[in-house]
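The values are calculated or read from the model by the stated rules, or taken from the named source; none is laboratory data. Just so it is clear, the structure is predicted and the values come from calculations on it, not from any experiment. As a convention, Cβ positions derive from the backbone with ideal geometry for all residues, glycine included, and neighbour counts pool all protein chains shown. Accessible surface areas use protein heavy atoms only, side chains included; no ligands, DNA or RNA. Shrake-Rupley method; radii C 1.70, N 1.55, O 1.52, S 1.80 Å.
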Amino acid sequence: MRHAPSLPLPAEADVARTRRGDWQTIRTLLPYLWGYRGRIGAALACLVLAKLANVGVPILMKNIVDALDPRIAALTVPLALLVAYGLLRLSTTVFTELREFLFAKVTQRAVRRIGLTVFRHLHALSLRFHLARQTGGLTRDVERGQRGISTLISFALFSILPTLVEISLVSAVLIARYDWTFMAITAVALGLYILFTVLITEWRTHFRRQMNELDSKANTRAIDSLLNYETVKYFGNEEWEATRYDESLQRWERAAVKSQTSLSALNIGQSAIIAIAVALIMWRATVGVVEGTMTIGDLVLVNAFMIQLYIPLNFLGVIYREIKQALADMERLFRLIDEHAEITDRAGAPALVTRGAEIRFEHVDFSYEPNRQILHDVTFTVPAGHNVAVVGPSGSGKSTLARLLYRFYDIESGRITIDGQDIRDVQQASLRAAIGIVPQDTVLFNDTIEYNIAYGRPGATHDEIVAAAKLAQIHDFVSKLPEGYATPVGERGLKLSGGEKQRVAIARAILKHPAILIFDEATSALDSRSEKAIQTELKAIARDHTSLTIAHRLSTIIDAHVILVLDHGRIVERGTHVALLAASGVYARMWRLQQDEQRSTSTSPDGGERQAPAAGQLPDLNEASAAAAAATLRSAS
């Protein structure tokens, strides 16, 4: 019986180290609201008017009660007081709803702008960040952060501020009309209530913050497991995944129970303070009526004031907790905005201008980690309109060349230029617009085939999309589908085979019309017949382009203008296919090894026929051959 590894609780030191502070979070939010200061001012005016009307209601009620005559009550109450009472009641509702109407656009626009800012910033972050991120936790942080903005604005404007305005108005009336003891009881009760609420809620915030951390971790595990559904099924690990997920949920459950039980203690304490304060106020008012210093109307007024004050205060604990939770959620969202973008455009960087698109790597050194260098003094040129191929065993740094050309990372020394322009000195958008790639591992959007092809050039017409699909040898396949180009491809394109996905990627690159083409084993998932047809098309397409071909199958690059042999990040040989074979060096040994691999795998040991790999298949598909090839390269270098 296997047990899932335990999930460590979030360390308080880590949480404290990344905490921004509530006021810093609020200051980050304010610029997004400042553009709507006119609406905010109007909403605040409505808030004050609503509270003036609300405070006026008990005062009118006092006058009505005092004007009552037990014998002819209906005749002695002035009609104006009754009308005014009704109007004040209506005004409270009208101004409250008008306030919400005015502020609705402010809240939703702020949420939209911040969400868009975060989305753009996430796309601006380096590949290094995205390789390390956990998608489930990241999306949950963004979702909670956006919801937190709405919560904060809603409670601050519609609950806290109105209550403060009402407390101020009621206090002014009590001081002006009654004995100081009324105000003293009210003030002491308010102070105790707020102090008790803040202290207990601050204590409870630890549990809510812990719940957030554990919720994100549980969500990350769930999404990661579902994204790897097939792998889970291959190894029969459904129960293993469920156990790991349940362990996360158990920890979340314990934190949630603590949070809920502490809430009960908070509510009991709040109710006790309110009950004692209201009892004291009513006792003092009753004494005043008995002594003749107060009227029945004064008793009604004081009681109404206490009810109006303590009903919203009764929710102060919930409101304060929600505001603190909203600030914690926003803190995580704004921390994403604060995440440093490793690759940025220099100030005033011009757009890349291509004049044939000659590529030069000049003495390039690069490492993903400080203690593990990938490329060592790599120098080569891809002349305009030429095709240069790069071959070598897995891990030699071939795909790193494409990532550096796209400027997903910055190199440590040397430089990379396109038509003499250092790619670090031009705008990233213009650089990437000039390059098209057909990756070995094609991941598609969960949309239609047409959308995925059109992603190469959004706005392309349907006829242009079909033309690109024909060149990629996928049009006939798509035409036979019931929904044609409107066929959904599923999550990451899993409804299509590897070859079909690769042909979509080829069509997408064709549609882009880039000056530079990168083929990262662009036909590795195709059958021999499709590969041969597409190779012919790719050669025709690349004829007028500068192209870099990263190859595993040597047979696919025999007509390249120059072939670079890369091993452990160093170029150990370069030349044409014929010249490299004639040199009888590393490339020649790799070629012979692959030809031997093809012949040896065409027939099984027992004499039975089996599927042979495509000619020139790199030996790293076979462990023994891979080891031999790697040893050959190491000895040559």
Revision key, fill the gap. Checked 407, 403 against criteria (open to solvent by less than 20 Å² (accessible area, probe 1.4 Å), among the charged types (D, E, K, R) and in contact (Cβ under 8 Å) with a residue 40 or more places away in the chain); the one match is 407
Revision key, fill the gap. If we keep only residues of segment 348-393 that are at positive phi and assigned to a loop (DSSP other than H, G, I, E, B), then the residue surrounded by the fewest Cβ atoms within 10 Å (Cβ to Cβ) is 348
Point to revise | Which numbered condition residue 255 fails, given (1) over 30 Å from residue 171 (Cβ atoms); (2) touching a residue at least 24 places away in the same chain (Cβ under 8 Å); (3) surrounded by fewer than 19 Cβ atoms within 10 Å (Cβ to Cβ) | key: (3)
**Study point:** Top-ranked residue of segment 160-195 - restricted to ones that are open to solvent by 30 Å² or more (accessible area, probe 1.4 Å) and within 39 Å of the chain's Cα centre (by Cα), ranked as farthest from residue 56 (Cα to Cα)
**Key:** 195
Review point. Of these, 329, 298, which one is in contact (Cβ under 8 Å) with a residue 24 or more places away in the chain, open to solvent by less than 20 Å² (accessible area, probe 1.4 Å) and over 26 Å from residue 160 (Cβ atoms)?
Key: 298
Point to revise | Per-region count, segment 224-266, residues within 28 Å of the chain's Cα centre (by Cα) and not in a helix (DSSP H, G or I) | key: 1
Point to revise | From the options 243, 261, 220, residue that is out of contact with any helix residue (DSSP H, G or I) (no Cβ under 7 Å at 6 or more places or on another chain), open to solvent by less than 50 Å² (accessible area, probe 1.4 Å) and of a type in the set (Ser, Thr, Tyr) | key: 243
**Study point:** segment 285-295, subset of a type outside the set (A, V, I, L, M, F, W, C) and loosely packed, with under 14 Cβ neighbours inside 10 Å, residue nearest to residue 271 (Cα to Cα)
**Key:** 286
**Study point:** Members of segment 110-124 found to be out of contact with any helix residue (DSSP H, G or I) (no Cβ under 8 Å at 6 or more places or on another chain) and open to solvent by less than 100 Å² (accessible area, probe 1.4 Å), listed by number
**Key:** 116, 124
Review point. For residue 342, all conditions in the list (1) open to solvent by 40 Å² or more (accessible area, probe 1.4 Å); (2) within 30 Å of residue 107 (Cα to Cα); (3) under 23 Å from the mean Cα position of the chain (by Cα) hold save one; what is the number of the exception?
Key: (2)
Revision key, fill the gap. How many residues of segment 581-593 are in contact with a Leu (Cβ under 6 Å, 6 or more places away or on another chain) and either among the polar types (S, T, N, Q) or modelled with pLDDT under 85 (or both)? The answer is 0
Check your understanding: Just a yes or no: is a residue in segment 395-407 assigned to a loop (DSSP other than H, G, I, E, B), closer than 26 Å to residue 573 by Cα and within 25 Å of the chain's Cα centre (by Cα)?
Key -> yes
Review point. Going by the structure shown, is residue 525 hydrophobic (A, V, I, L, M, F, W, C), surrounded by fewer than 21 Cβ atoms within 10 Å (Cβ to Cβ), over 15 Å from residue 439 (Cβ atoms) and modelled with pLDDT under 85?
Key: no
Point to revise | Residue tally, condition in a helix (DSSP H, G or I) and of a type in the set (Val, Ile, Thr), over segment 570-588 | key: 2
Review point. Quick check, is residue 554 open to solvent by less than 10 Å² (accessible area, probe 1.4 Å), touching a helix residue (DSSP H, G or I) at 6+ places or on another chain (Cβ under 8 Å) and at pLDDT 90 or above?
Key: no
Point to revise | Filter pass, residue 419 being acidic (Asp, Glu), out of contact with any helix residue (DSSP H, G or I) (no Cβ under 8 Å at 6 or more places or on another chain), surrounded by fewer than 18 Cβ atoms within 10 Å (Cβ to Cβ) and modelled with pLDDT of 90 or more | key: yes
Check your understanding: So how many residues does segment 433-449 have that are closer than 29 Å to residue 554 by Cβ and surrounded by fewer than 17 Cβ atoms within 10 Å (Cβ to Cβ)?
Key -> 2
**Study point:** Cross-chain or 6+ apart pairs with Cβ under 6 Å, segment 175-196 first and of a type outside the set (Ser, Thr, Tyr), then open to solvent by 60 Å² or more (accessible area, probe 1.4 Å) and modelled with pLDDT under 85
**Key:** 183/175
**Study point:** Subset of segment 408-423 (residues that are closer than 10 Å to residue 352 by Cα and either assigned to a helix (DSSP H, G or I) or within 27 Å of the chain's Cα centre (by Cα) (or both))
**Key:** 423
